[in-house]
1. Condition check: surrounded by fewer than 14 Cβ atoms within 10 Å (Cβ to Cβ), on the phi > 0 side of the Ramachandran plot and modelled with pLDDT of 70 or more. Does Gly167 satisfy that?
2. Which ones in the stretch 88-112 are in a loop (DSSP other than H, G, I, E, B) and either crowded, with 17+ Cβ neighbours inside 10 Å or small (Gly, Ala, Ser) (or both)?
3. Residues in the stretch 150-163: is at least one surrounded by 11 or more Cβ atoms within 10 Å (Cβ to Cβ), among the polar types (S, T, N, Q) and at pLDDT below 85?
4. Mind checking whether some residue in the stretch 241-253 is within 20 Å of the chain's Cα centre (by Cα), of a type outside the set (Val, Ile, Thr), assigned by TED's automatic domain parsing to the domain that holds Phe44 and modelled with pLDDT under 75?
Amino acid sequence: MSTMFRGIRYALTQAFTQVFRNRAMTLASVFSITAMLLILGLFFILAVNVNMMTESAKQQFDTIQIYLLDETTEEQAREIMENLEKMPEVDGTTYVDADQAMVEMKVRWGDNAYLLDTLAENPFPNSIRIKLADLEGSATVVAAAGNLTGVKLPIKDNKDMVQQILGITNAVQTGALVIIVFLVVISVVVVSNTVKLTVLAREREISIMKYVGATNWFIRGPFLAEGMVIGCISALISSGVISFVYYKISELLGLQIIRFTALVPEVFLVKNLVWIFLALGVSIGAVGSIISMRRFLDT
């Protein structure tokens, strides 16, 4: 155990020594990885908020309301509901009679609800609300409901809006994933080249260490730690910048956006973003270092 701790201490000491000794290359690496993480962070924030907005929008369209003919009895409505609930696309159904529909409309109208009291008769038909299990099943449910006896046609659905929402969500998720992978690969290459310069400068020292019997991992340790330190520094800097920018954006746009949908809370997003950046930064640094050492050590 003591040997392992000595090895770790040696690796960290050498890593920090090389980081400060090669300040120019270290700064170049930190700048490059920080820039990559900043761009990645912006796309991450965009993807998270777009997903939250689309999920909020989905909740407004995950219900289909079908209206019943005047002669359709409540018993027949229950039979319609039973048939619909057998469908895997349906999560549940609710019967809404005309009186309940009027009450709900008065709640929506708020202070102007008194205007509805002037109506000679209740204009709302009885209806059934269908809760969808999946938005993509909207068209299937509408088609099935249209074939049932007692249902008033045509049935209004939000198929086009649902398709637009799903399309936007898929496009953002795919685009963000492609960009994230691209940036991670570039960052690994940058760190790999930086550590490789350090390895080349110490090639003679590495040869001597191998000659006297040092293991590959003992030699690799300082370079591995160096890459991880560079990645960690970059992660902390980029996390701080992204946190500040997101806080300012939320502060400036929050009041306008909150009318339509809420932004992801700053504390929640920033806390998770810091851990994601640290994990990415350390991983990028470690992988870059391992790649750079393959030429000199057996893997």
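1. Working: surrounded by fewer than 14 Cβ atoms within 10 Å (Cβ to Cβ): yes; on the phi > 0 side of the Ramachandran plot: no; modelled with pLDDT of 70 or more: yes.
Criteria not met by Gly167.
2. Result: Glu89, single match.
3. Yes, there is a match, as at least one residue in the stretch 150-163 is surrounded by 11 or more Cβ atoms within 10 Å (Cβ to Cβ), among the polar types (S, T, N, Q) and at pLDDT below 85.
4. The initial filter retains those residues of the stretch 241-253 that are within 20 Å of the chain's Cα centre (by Cα), namely 241-247, 249-250.
Filter once more, so that each one left must be of a type outside the set (Val, Ile, Thr): 243-244, 246-247, 250.
The next check asks that each one be assigned by TED's automatic domain parsing to the domain that holds Phe44; those that pass are 243-244, 246-247, 250.
Next cut, modelled with pLDDT under 75 only: 250.
Yes: one or more hits.
The values are calculated or read from the model by the stated rules, or taken from the named source; none is laboratory data. Quick caveat, the model's predicted, so the values are computed rather than measured. Neighbour counts run over all protein chains shown; Cβ positions are idealised from the backbone, glycine included.
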